[in-house]
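Scroll down for the structure; my scribbles are underneath it.
We did not get these values from a lab; they are worked out from the coordinates using the rules stated. As the structure is a prediction and not an experimental result, all values here were calculated from the model. Cβ placement follows ideal geometry from the backbone for every residue including glycine, while neighbour counts extend to all protein chains displayed.
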Amino acid sequence: MVIGGGQAGLSAGHHLLRRGADVIMLDAEDGPGGAWRHRWDSLTMATVNHIADLPDMPQDDVPETESANVAVPAYFAEFERRRSLPIERPVRVTSVRPEDPETGVDSPLRVDSVDGQGRALTPIRTRAIVNATGTWSNPFVPFVPGIGTFRGRMLRTVDYPGAEALSGQRIGIVGGGISATGFLAELSEVATTFWYTRRQPVFREGGFTPEIEGRAAVAMVEERVAQGLAPLSVVSVTGLPWSPALAAADARGALHRRPMFTRIVPEGVIEADGTTTPLDVLLWATGFRAALDHLAPLHLRAPGGGIRMDGSQVAGDPRIHLVGYGPSSSTIGANRAGRAAARRLLRR
């Protein structure tokens with residue numbers, strides 16, 4: 001069984017089917033596209049981070065002005081159609097548990113799920129899971145003293161309504177990744193922005209390449225998950241790619257980074273130097289965590305806070321493969337992990 005219909009899930013399903021496996025694919029979304037369905041309209045193909053091709057199907061040329069939430073789902077939908085992938089949706093998996101816990105990893109797995117209206121579906125029995133549920137449904141907001149007192153608007157990356165909806169406001173943007181800098185580039189044209197990060201961001205010239213994203217960064221993240229530590233993002237080890245949009249934002253003074261504020265108060269934030277900055281909006285672009293709550297009954301977490309991995313497989317449990325997790329969270333890594341999971345499962 002493959003759980004999830006984003007890039008990693010499509011890759012895994014394709015490679016399993018090509019090798020003759022009997023596959024069930026479940027996806028919680030209403031249609032193709034995975035998390036790309038929910039990206040904001042102003043994220044265009046010109047500004048989006050690199051999207052790797054799905055297996056054996058290069059992307060068609062699309063206008064750089066087209067929204068990524070249109071172009072990428074259309075590409076995924078065409079891949080599903082050409083490969084005749086057996087995806088059932090919307091189906092949200094609520095738990096995966098062993099049918100017979102006493103037999104350990106030899107036990108078949110029971111998968112419980114609900115439909116789009118939240119109605120329980122008939123449990124499914126499977127020998128193995130390729131989990132590709134990604135992170136989009138699990139945004140992370142760190143605790144800051146006073147966070148519950150803020151009288152302004154609190155948003156996360158998944159809530160971003162576009163620059164026009166926030167025009168003229170005083171906005172604190174928190175985070176040091178690609179989403180945060182993208183928001184700064186947009187919002188600084190129509191609003192007053194304040195940028196907060198825990199560490200000094202590192203920018204680099206040029207876009208992502210297979211060498212940077214697919215090898216060097218993946219290897220560094222892979223080392224952590226092999227030890228059972230929580231995975232780092234790819235950007236945390238590659239740095240932030242410089243772009244004309246960021247250069248323009250820098251010229252406006254928008255990339256002046258402030259250290260993280262120490263407290264949130266009803267009218268804004270208390271800066272590191274003790275002064276108060278009034279804000280209308282706090283926008284948390286502080287990353288995501290892997291959406292794995294449905295796997296909790298399997299007790300996969302290591303003491304280090306992550307899941308100890310052996311390639312795409314959970315170390316010690318050959319029934320469970322995680323794709324789109326840790327080193328395979330980039331689009332290039334997702335494709336590779338889907339292929340690796342299929343190969344390893346069918347060697348069992």
Expected unfolding gain across A230-R257 under the 0.36 nm per residue rule, minus the alpha-carbon gap, is 7.1 nm
Going fewest to most other Cβ atoms within 10 Å around each Cβ, E29, E189 line up as E189, E29
With label points set 7 Å from each Cα along the Cα-to-Cβ direction at M154 and E267, the distance between them in nm comes to 2.0
Yeah, the range 296-348 with a ≥ b ≥ c from its alpha-carbon gyration tensor (a/c under 1.5 is rounded, else prolate when a/b outruns b/c, oblate otherwise) is oblate
Shape call for the range 121-197, from the Cα gyration tensor axes a ≥ b ≥ c (a/c under 1.5 means rounded, otherwise prolate when a/b beats b/c, else oblate), comes out prolate
Kirkwood-based Rg/Rh on the Cα set of the range 92-165 evaluates to 1.18
Exposure-ranked with fewest Cβ neighbours within 10 Å first, D100, D112, D159 stand as D100, D159, D112
Long-range alpha-carbon pairs in the range 55-106, meaning those over 15 Å apart, account in percent for 66
Length gained if R199 through H38 is fully extended, taking 0.36 nm per residue and subtracting the Cα-Cα distance, is 55.1 nm
Once Lys and Arg are counted +1 and Asp and Glu -1 for all other residues with Cβ under 15 Å from that of A248, the total becomes -2
Footprinting proxy, E80, E88: sorted fewest to most Cβ within 10 Å, the residues are E88, E80
Between the modelled labels at T275 and R110 (7 Å from Cα along Cα→Cβ) the distance in nm is 6.1
At R0 = 56 Å the Cβ-Cβ FRET efficiency linking E64 and T122, nearest 0.05, sits at 0.80
